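Here the structure comes first, spelled out in structure tokens, and everything after it is commentary.
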Amino acid sequence: MSEASDTYLSLKGRSESLYKVKGSKHFGYAVPVRNEDEIKAFLEVVKKEHHAARHHCYAWRLGHDKKRYRANDDGEPSNSAGKPILGQIQSYDLTNVLIVVVRYFGGVKLGVGGLIDAYRTSAREAIEAGDIIELLVEDTIKVDFPYEAMGSVMKILKDYDLEMITHEFEFKCTLTTSVRQSLTDELLTAFNDLDFVEASAEV
């Protein structure tokens, strides 16, 4: 990973796949997610859609640093479902992504090796059915300034092609904006070089 990397790969929207082997059906779902609440909500949706299925296996990865992840076999033999799904997320270098694979047993046992292959293939096909997009890691910047400095502050926003997220313009003004992480220090310097203006990155 490059030193100044402030981009990451994720999915544009929900995508689906259906993989059949020896009578068993594997429905794959890949979705972009931002937090564990969204993960739980989507798992509930899938379990309602496929209430007759015995296995709803999944894996997810969150965060720009890709350090938060989980894999769940949901009753399948250990490491035969969740881990192969997670392996595909890692293989495509995705984050902020959840993949769920729902299995309907077709009457013929696949064995552990067969299960691993089926869950891996289903996850891969779900990813490939969607659109992988590159997103920016952004920092939120808060700027405090007197009303008289409005023109100078707005010029910097325009120069960096940034939009206000929130603003409060009174005797003392405050606004927030977001900027790609690699430009954060440069933008803070530009604001803080102005008289009576204070800018900081929100944690």
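The values are calculated or read from the model by the stated rules, or taken from the named source; none is laboratory data. It should be emphasised that the depicted structure is a prediction, and the values quoted were computed from it without experimental measurement. Using ideal geometry, Cβ is built from the backbone for each residue, glycine included, and neighbour counts are taken over all protein chains shown. Side chains included, ligands, DNA and RNA excluded: accessible areas come from the protein's heavy atoms. Shrake-Rupley method; radii C 1.70, N 1.55, O 1.52, S 1.80 Å.
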>> Need the C-alpha centroid separation for the stretch 1-76 versus the stretch 140-186, integer Å.
In response: 37
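Sort 123-129, 133-139, 95-101 by packing, meaning the average of other beta carbons within 10 Å per residue, with the highest value first.
Values: 123-129: 21.6, 133-139: 14.0, 95-101: 26.1.
My ranking of the peptides, most packed first, is 95-101, 123-129, 133-139.
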> From the phi of every residue in the stretch 45-51, what ³J(HN,Hα) in whole Hz does the Karplus formula 6.51 cos²θ - 1.76 cosθ + 1.60 yield, where θ is phi - 60° and glycine or proline is x?
Replying inline: 4, 5, 5, 6, 5, 10, 5
>> So, for the stretch 113-203, what is the accessible surface per residue at a probe of 1.4 Å, expressed in square angstrom?
In response: 60
> What angle, in degrees between 0 and 90 and rounded to the nearest 10, separates the Cα long axis of helix 150-159 from the longest principal axis of the Cα atoms of the chain?
Replying inline: 40
> What FRET efficiency comes out for the pair LYS155/GLU44, r = Cβ-Cβ distance, R0 = 41 Å, nearest 0.05?
Replying inline: 0.30
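At 1.002 mPa s and 20 °C, plugging the Kirkwood radius over alpha-carbon pairs of the stretch 19-93 into Stokes-Einstein gives what diffusion coefficient in µm²/s?
Values: Rh = 13.3 Å.
My calculation gives 161 µm²/s for D.
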> Tell me, what are the semi-axes, in whole angstrom and largest first, of the equivalent ellipsoid of the stretch 109-158 as set by the roots of 5 times the Cα gyration tensor eigenvalues?
Replying inline: 55, 12, 6
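Give the dimensionless ratio obtained when the Cα radius of gyration of the stretch 79-201 is divided by 2.2 N^0.38 Å.
Its radius of gyration relative to the 2.2 N^0.38 Å reference: 1.77.
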> So what is the diffusion coefficient of the stretch 1-134 in µm² per second by Stokes-Einstein at 37 °C and 0.692 mPa s, using a Kirkwood Rh over Cα pairs?
Replying inline: 223
> With all protein chains present, how much of the accessible area of the stretch 47-100 (probe radius 1.4 Å) comes from carbon and sulfur, to the nearest whole percent?
Replying inline: 42
>> Just want the answer: with Cβ charges of +1 for Lys and Arg and -1 for Asp and Glu, which residue in VAL108, LEU62, ILE127 is farthest toward the dipole's positive end in the stretch 60-171?
In response: VAL108
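Past the 28 Å Cα-Cα mark, which pairs from LYS12/LYS67; LYS47/LYS109; LYS12/LYS109? Provide the component values of the computation, followed by the final result.
Numbers: LYS12/LYS67 21 Å; LYS47/LYS109 23 Å; LYS12/LYS109 35 Å.
The answer is LYS12/LYS109.
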>> With +1 assigned to the C-beta of every Lys and Arg and -1 to the C-beta of every Asp and Glu, and no other charges, what is the dipole magnitude of the chain about the Cα centre in debye, to the nearest 20?
In response: 1960
